[in-house]
Amino acid sequence: MQKVVCLALLFFANSSLSEEGSSADLFELSLEELMNVEVYSASKKKEAVSRSPLSISVITHDAIRNSTATNLPELLKTLPGVIVREQTNGVFDVHIRGTDNVPPGGLYPSLANTLTLVMIDNEPFFNYFNGGTFWETLPITLDDLERVELIRGPAAALYGPNAVNGVIHFFTKSADKEMGGNIHANVGGYGNAKVNLNYSNNISKNESIRLSFAHQQRSRYQETYYGFSTKEYLPADQIKSTLSGTMADRNPNQDIAEKTTSGTIKIQNSKEADWHHNISLMFVDTEVQKIFSDTAISTFTTNITQLSALNINIENANWFFHSGFQKADHKALGTFVDYSFENKNLIADYIINEDNFNWRNGVSLHEQTYTGDFISGKQSIRNLAASTRLDWKIDEAWRLISALRIDNYSTPNTTNLSYQFALNKLFSNESLFRLVHAKAYRSPFIEENFFYSELNFSSGTKFKTVGNTHLEMVSATNTEIGYRFTTMSDVGIDFEAFYINTSGFNNLYLDSIDGNVITYNYQNTPTESKQYGSTVSVQYQPGHDFSVTAYISWQKTKIYSFSGPTYQKQELLTNLKHQGTPRWYGGVNLHGKFEAIQWDVLFYTMKSHTQIRAVNSDKIPSIFLLDLKLSYPLASNIDTYLSLKNIGASSREFSYADKIEPYGLIGMQLSF
């Protein structure tokens, strides 16, 4: 693959391509213009980011192009309030604000992020099996993005369940924005190789099409794996377990960290039309080694997924319709987790727009259907919801927002009410004060409701594990204040302080012992987490040739009524100081230009913390990483770059994962 990419770079560097100009320059925007970049996610309507009623950040198209990131989750390091941990080369775990590893001592999903909703063009891409986002299965790449919007804090009243700690919304490029094509390729250390092709054109007077295809692959940082029986890193053939097979079963291609092929076809009409539509057909075929399923052998498991998706948005001034469909086959090799699924999503909103208020009312239907032996065949969860949101501009200074959403589930048979209230005050100097109070619920998952397995031993003992269709859902209640302002014309500051109370957790506990039959099932625990913290970001842009953005988050979490680790539920409840979320984390983005050379730097850091799993715990040391990228235009339509990644890396970032290593990349982007 690397040889193919190198040949492509050499060929296209010497090709005679039409000149449309190189990439748009990030520095053409002043700080005032950047503060007035339009966002959508905070209100489901366009508004300047400086006037957004919630804690929100945006990554623009030019910032994405100039960033040091190599994929979607790594790009999120450039946003405040986001914890990004790398497991192996290009494989990441992402959290907003924290609440990870709660309750401590649980199975892997307690480490994964099950409380953040990830969306692509209004369609949720969420793992309803046991929660979270399988980042490698997102069928888009950095080259497909127009912008990224991040909401920090509960937003289920606006976007539905799983927007508990926030929303990450990826918006793809319009088919009618950049006519022509683009080729982006790079190669680098640890088997990194990427080719991305995209092309846009008009297919009629009113319709445009965008085609995108990408292939990317990487190798692991190290050849050894952590073995739970030996409690050390060893070659795969030296790690064995009678319960979980061999490492060859779990990871047949042990040098591959990730190998992904994806593509998108997007068709849309002009946004100026009375009725605007955009339709996307997407696919992804991926193989990745990641920390996914706890077993008695090791941490890494090879996950193989083939996913296709259809995403339809239709809207005018008063109506918004969305339909989404996803179908996939998923295998976690060497485990029981083989399944197929279909996700269906229908949304209809009616919007009333007046001079001083916006009133949005909607209904939605969401159904997830999973098929697998470990859940006794085919199982479905259906959610019927209704929502209302009133955005009232009281006068030129005050703005009040209230939103309610009711979700009714088929399994468990329950109804949840999410809400959001926000009060904004705009001052004469254009600074904005915000006060937000919100509650959001997580959705039910297939595993915790329908799981069923039996494990028989030669001694005659039988272990049964069963789901529970009567669980309460995890919920979070959040109160926060924020202040966003600019000083003079070149410094922008955004500050927020928050308090989040999260409860309704469940875990796997001993249920009964009947003779030789020992049964475990999922049960709610009285455990709750209480977190308070703050985030501040500062943006300084004195001119068109230099900008710096610095951001830092601080938090403290305490766990109340902890009922013991997995399998060992205790009668005595205890309170704990939470160790699983770093006390502080943040970064600095630097962008500069010297004559024709553009340079970009990302510094990312987080404090040491301890991830506590069912089998044991692992202390993650403090992290200080530096990425550097130098870009140079060979011609008006050819950009080249050199990138140095993970400078200063010296340890693991995730429990019993790979030690992160530095490496380099060279790449080229060609427009035609």
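Counting only residues that are in contact with a helix residue (DSSP H, G or I) (Cβ under 9 Å, 6 or more places away or on another chain) and crowded, with 17+ Cβ neighbours inside 10 Å, how many does segment 388-409 have?
Final tally of qualifying residues: 5.
For segment 128-140, what are the residues that are within 27 Å of I314 (Cβ to Cβ) and free of Cβ contacts under 8 Å to residues at least 60 places away in the same chain?
T133
Residue by residue through segment 581-610, note down the ones that are in a loop (DSSP other than H, G, I, E, B) and either open to solvent by 10 Å² or more (accessible area, probe 1.4 Å) or hydroxyl-bearing (S, T, Y) (or both).
Result: T581, R583, E595, A596, K607, S608.
Limited to segment 413-447, what total is found for residues that are among the charged types (D, E, K, R) and within 22 Å of the chain's Cα centre (by Cα)?
Qualifying residue count, segment 413-447: 3.
Going through segment 265-275 one residue at a time, which ones are surrounded by 15 or more Cβ atoms within 10 Å (Cβ to Cβ) and without any contact (Cβ under 8 Å) to a residue 60 or more places away in the chain?
Matches in segment 265-275: I265 only.
Out of curiosity, is T415 surrounded by fewer than 16 Cβ atoms within 10 Å (Cβ to Cβ) and among the β-branched types (V, I, T)?
Spelling it out, T415 is indeed surrounded by fewer than 16 Cβ atoms within 10 Å (Cβ to Cβ) and among the β-branched types (V, I, T).
In segment 620-646, what residues are buried (at least 16 other Cβ atoms within 10 Å of the Cβ) and over 20 Å from D143 (Cα atoms)?
Across segment 620-646, the qualifying residues are I620, I623, L625, L626, N646.
Which residue pairs have Cβ atoms closer than 8 Å, lie 6 or more positions apart in sequence or on different chains, and pair a first residue in segment 215-228 that is within 27 Å of P139 (Cα to Cα) with a second residue that is of a type in the set (D, E) and part of a strand (DSSP E or B)?
Q216/E258; Q217/E258; R218/E258
Across segment 188-206, what is the number of residues that are outside any loop (DSSP other than H, G, I, E, B) and open to solvent by less than 40 Å² (accessible area, probe 1.4 Å)?
So the answer is 7.
Tell me which residues, restricted to segment 611-641, are among the hydroxyl-bearing types (S, T, Y), assigned to a strand (DSSP E or B) and modelled with pLDDT of 90 or more.
If the condition is that a residue be among the hydroxyl-bearing types (S, T, Y), assigned to a strand (DSSP E or B) and modelled with pLDDT of 90 or more, then S631, Y632, T640, Y641 are the ones that fit.
Filter segment 647-664 for residues that are surrounded by 21 or more Cβ atoms within 10 Å (Cβ to Cβ) and in a strand (DSSP E or B) and give the result.
Within segment 647-664, just R652 meets the criteria.
In this structure, is Y499 within 23 Å of the chain's Cα centre (by Cα), open to solvent by 60 Å² or more (accessible area, probe 1.4 Å) and within 29 Å of E430 (Cβ to Cβ)?
When the stated conditions are applied, Y499 passes them.
Taking into account only those residues within segment 44-62 that are among the small types (G, A, S) and crowded, with 22+ Cβ neighbours inside 10 Å, which is farthest from L400 (Cα to Cα)?
Selected residue: S57.
Consider S459 carefully, then state whether it is polar (S, T, N, Q), out of contact with any helix residue (DSSP H, G or I) (no Cβ under 8 Å at 6 or more places or on another chain), in a loop (DSSP other than H, G, I, E, B) and crowded, with 16+ Cβ neighbours inside 10 Å.
Taking the combined requirement at face value, the residue does not satisfy it.
Scan segment 604-654 residue by residue and report those that are under 30 Å from V102 (Cα atoms), of a type in the set (S, T, Y) and over 24 Å from the mean Cα position of the chain (by Cα).
S617, S650
Taking the options S262, S298, name whichever one is buried (at least 22 other Cβ atoms within 10 Å of the Cβ), farther than 15 Å from W135 by Cβ and small (G, A, S).
Just a single option satisfies the conditions, and that option is S298.
Do the conditions hold for N253, that is, is it polar (S, T, N, Q) and either open to solvent by less than 30 Å² (accessible area, probe 1.4 Å) or at pLDDT 95 or above (or both)?
Considered against the rule, which asks whether it is polar (S, T, N, Q) and either open to solvent by less than 30 Å² (accessible area, probe 1.4 Å) or at pLDDT 95 or above (or both), N253 comes out as no.
Restricting to segment 353-365, and then to whatever is within 26 Å of N424 (Cβ to Cβ) and open to solvent by 50 Å² or more (accessible area, probe 1.4 Å), can you tell me which residue is modelled with the lowest pLDDT?
Ranking the qualifying residues of segment 353-365, first place goes to D355.
Kindly evaluate P526 against the criterion of being surrounded by fewer than 18 Cβ atoms within 10 Å (Cβ to Cβ), within 28 Å of L117 (Cα to Cα) and modelled with pLDDT under 90.
Against the criterion (surrounded by fewer than 18 Cβ atoms within 10 Å (Cβ to Cβ), within 28 Å of L117 (Cα to Cα) and modelled with pLDDT under 90), P526 qualifies.
Filter segment 366-387 down to the residues that are under 30 Å from D355 (Cβ atoms), open to solvent by 30 Å² or more (accessible area, probe 1.4 Å) and out of contact with any helix residue (DSSP H, G or I) (no Cβ under 9 Å at 6 or more places or on another chain) and list them by number.
If the condition is that a residue be under 30 Å from D355 (Cβ atoms), open to solvent by 30 Å² or more (accessible area, probe 1.4 Å) and out of contact with any helix residue (DSSP H, G or I) (no Cβ under 9 Å at 6 or more places or on another chain), then A386 is the only one that fits.
The values are calculated or read from the model by the stated rules, or taken from the named source; none is laboratory data. As the structure is a prediction and not an experimental result, all values here were calculated from the model. Positions of Cβ are generated from backbone atoms using ideal geometry, with glycine treated the same way; all protein chains shown enter the neighbour counts. Areas reflect the complete protein model, heavy atoms only, side chains present, ligands, DNA and RNA absent. Shrake-Rupley method; radii C 1.70, N 1.55, O 1.52, S 1.80 Å.
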